[in-house]
Amino acid sequence: MEWREKLRSFPVIAAGVILLAFVIGAILGVMGPSARPLPQGAPQGETDEARGPAVKTGKSDPGRAGSGTTATTDSTGAGGARSGPTRDKPRDPRETPRDSGNTTVGQWTRPKDLKPGRKDTMAARVDVPVAQSSLLVTVKKPGEYAAEQATLLLDIQADGLGWQRVSAKAQPTGKQGEWRYSGLYAGSYLVTAVVPGYNYAYQTVLVPGGMQEIAVNIDMPPVQYGRVALMFSFEDGGRPTMVYCLRAEKGGREGALAGRFGRQEAPTAQQGNSGGLGNYSIPSDTQTLLFAVLADRKEHFTFSAMRDSRRYSAQMTIAGKANEEQRFDVNLKLLDAADPDPTGGHFAKEAVKAVFTFTRSDSAAVTLRRCNLRQTPDSATYTAASTLEGNKATFLAVQPGNYFLVAEADGLSAAYVKSLTVTAGTEMPLLIELSSLTLRVTRDQGIEPPPGVKWNYRATLRPLASGSIETFYNREIPAGSNSDSTTYTVPVGSYTVVMGSSNELLACEAPSTPITLTREGANLSFTLRTASTLEFVCIDSYTNPVPGVEFLVSYSPAGQIPESERTRVELGGPDGRCILKGATYGRVYLHVWVTSSDFQAPDRTYEIDLPSYGVLNLGAVTVK
């Protein structure tokens, strides 16, 4: 075989290709990688090479567009140019696509530099606590008989908040009267047992942690009652012949899970259950009312009475004692005409008729849709108008007193709210002074959302910052446009404008804006951008989870947090886990409250950099 034929043989060609590939690879390795900008339309905002170990990509969640008032679009965006990608140094794995500079123009309302303030050093661990402990609960009835059935509740002690309900469910072991709680962390727990026909019982137990099981024995006490004898009198002399009584059981333990700043809700067991209500005639011979109360349980009584159109009231909490009679004197205090009804609308007094007629400052016709009276702007209950006739609302039987009137009418984008006093024969004309509120929402062009996600947002108008009488509008920035602008016709007054999105991959800035509208009207601008999810676990120095933590993501440092952000404070779980969805990306402050109840003085304040979208998991963060 000639040498030319040998060079054309398959083994020689294969060896040459392999040698050439090796040489090219060696040259590229010596040159090193170059930083690359995010390609246009790249999915999920973070490339694999840029994603740090604690960031994972989010999934696409198609948005939902709703209807609102007529919109006008504007294709122009306000703002300055962004710098191009850096190509002379490797890309920082913590860098977001927003930092890498994929696009050039877009509105930028978020502060590029955070206000200087306190910044604590974050001590975080990759490994999170593992729940290894368990409770073996045995419930017995009198006579050492095992309970056939029982309802068990479990709470954990949270610093500064009281007891926090644990979602873990007790599982029967197969042995009668025996249940097991598994997967518990270290902490102080409260086990409550409820058995039909018996008084409920509870027991506290300290779980030190580790792989161990602790036995808890609960003996159910029989239902025992005490009796209270109440003698009533008016503070200005005389005695009533009839009183109205509202009873509510307070429960056998106290807690304060309303949140450090009054936002979180308390569990049902702590709120207490209604123990009855009604009118009681006082016997003329004894002048005393008798009530049976559960032993070792607290009940809250609210009494009210009327005399010559004057209102009286008294409140007291009574703890029952088994097989004992307790006697109390109840002094009914005279209430001012402006004082709210202490019994929540059940005051024992004569109802009156009230008529309200509405006109608009622009002389347009008023057609009412709804009209009601509330004790406070945030009241969950209200008295609805008996009849609505055009611009007239009639209440045929309403208790006299101070109210907030809430009226919704055609052509108004928010409810009309007015504080007023209702007395006998009230006929009140009301003028609705009008204003205009223009909301302009511009999409952030720094990052494109995942494929299939539309630029939709929700605008919520809250008169007097009330979440009970809010009106919201679902809207969308049209395809091919940079912004959406809408003008709402609203009554003059104080509002809180809350902006957000029904899609957790999007968020608005600013999320909450208080504003007082005059007849001149106002304009507000917002930025709609991609959002991320923040996750972390709060632990102590012994790596035990810290329950009942509250946290806030804000652009403001500790000591300068706007009061309007109180409503955005989030509550962590009983296992210390904290999750925030819909967080805007970029550098922000993470404020954490553990024992502090001062809104401006959180226990910990960290500076973090949230990704464009996806999940940022900080791991286990030591907060105490």
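The values are calculated or read from the model by the stated rules, or taken from the named source; none is laboratory data. What you see is a predicted model, and the numbers here were worked out from it, not measured in a lab. Reconstructed Cβ throughout: ideal geometry from the backbone, glycine too, with neighbour counts over all protein chains shown. Note: accessible area is taken over every heavy atom of the protein model, side chains too, but ligands, DNA and RNA are not part of it. Shrake-Rupley method; radii C 1.70, N 1.55, O 1.52, S 1.80 Å.
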Expressed in nanometres to one decimal, the distance between label points 7 Å along Cα→Cβ at Ser284 and Ser167 is 6.2 nm
Suppose R0 equals 51 Å. What FRET efficiency, 1/(1 + (r/R0)^6) with r the Cβ-Cβ distance, do Lys119 and Glu433 give to the nearest 0.05?
0.65
In region 538-618, the chymotrypsin sites (Phe, Trp or Tyr not before Pro) that fall in loop regions by DSSP, at most 12 other Cβ within 10 Å:
Tyr542
Amide H partners (placed H, <5 Å) of Thr527, local residues excluded:
Thr442, Glu509, Ala510
In region 361-454, carbon and sulfur make up what percent of the accessible area (probe 1.4 Å)?
49 percent
Only Lys, Arg (+1) and Asp, Glu (-1) charged, at Cβ; region 410-466 dipole about Cα centre in debye:
220 debye
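Please find the FRET efficiency linking Asp236 to Asp598, where r is the Cβ-Cβ separation and R0 is fixed at 56 Å, and quote it to the nearest 0.05. Don't jump to the answer; show the numbers that get you there.
Working: r = 43 Å, r/R0 = 0.76.
Using R0 = 56 Å, I get an efficiency of 0.85.
Just how large is the dipole of region 125-233 about the Cα centre, in debye to the nearest 20, putting +1 at every Lys and Arg Cβ and -1 at every Asp and Glu Cβ? Could the numbers behind the result be given before it?
Values: 8 positive and 8 negative charges, 38 e Å.
Around 180 debye, computed over region 125-233.
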Could you give the nm distance between label points at Ala21 and Met306, where each point is 7 Å from its Cα heading toward the beta carbon?
9.6 nm
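Which whole-number value in Å² is the accessible area per residue of region 442-598, probe 1.4 Å? Don't skip to the answer; put the middle values down first.
Numbers: 5300 Å² over 157 residues.
About 34 Å² of surface per residue is accessible.
Distance check, please: which entries in Lys454/Lys581; Lys392/Lys418; Lys333/Lys353; Lys353/Lys392; Lys581/Lys624 exceed 21 angstrom between their Cα atoms? Don't skip to the answer; put the middle values down first.
Numbers: Lys454/Lys581 18 Å; Lys392/Lys418 15 Å; Lys333/Lys353 26 Å; Lys353/Lys392 13 Å; Lys581/Lys624 25 Å.
Checking Cα-Cα distances, Lys333/Lys353; Lys581/Lys624 exceed 21 Å.
Set the Förster distance to 25 Å, then compute FRET efficiency between Lys624 and Glu213 from the Cβ-Cβ distance, nearest 0.05.
Numbers: r = 27 Å, r/R0 = 1.08.
Efficiency computed from Cβ-Cβ geometry: 0.40.
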Where labels lie 7 Å past Cα in the beta-carbon direction, separation of Ser502 and Tyr202 in nm
4.0 nm
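Got the relative contact order for region 504-573 handy, in percent, Cα pairs under 8 Å and 6 or more residues apart?
Working: 56 pairs, mean separation 21.3, N = 70.
Relative contact order for region 504-573 comes out at 30 percent.
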Carbon/sulfur fraction of accessible area - region 458-557, other protein chains in place, 1.4 Å, %
47 percent
Spelling it out for Tyr488: with amide H atoms placed in the peptide plane at 1.01 Å from N, the residues 5 or more places away or on another chain with amide H under 5 Å from its amide H are Leu437, Thr438, Leu439
Compute the length gained on full extension between Lys333 and Ser363: take 0.36 nm times their separation in residues and subtract their Cα-Cα distance, giving the result in nm to one decimal.
6.2 nm
Note to self: C-alpha centroids of region 121-193 and region 562-616 sit apart, in Å, by 28 Å
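Subtract the Cα-Cα distance of Leu396 and Ser188 from 0.36 nm times their separation in residues, and report this length gain in nm to one decimal. Each step should come with its number before you reach the end.
Working: separation 208, 0.36 × 208 = 74.88 nm, distance 5.39 nm.
Extending this stretch completely gives an extra 69.5 nm.
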Give me the net charge for the shell around Val592: Cβ to Cβ below 11 angstrom, other residues only, Lys and Arg +1, Asp and Glu -1.
-2
Please list, in order along region 545-560, the HN-Hα scalar couplings obtained from phi with the Karplus expression 6.51 cos²θ - 1.76 cosθ + 1.60 (θ = phi - 60°), rounded to whole Hz, x for Gly and Pro.
x, 10, x, x, 7, 10, 9, 8, 9, 8, 8, 9, x, 4, x, 10
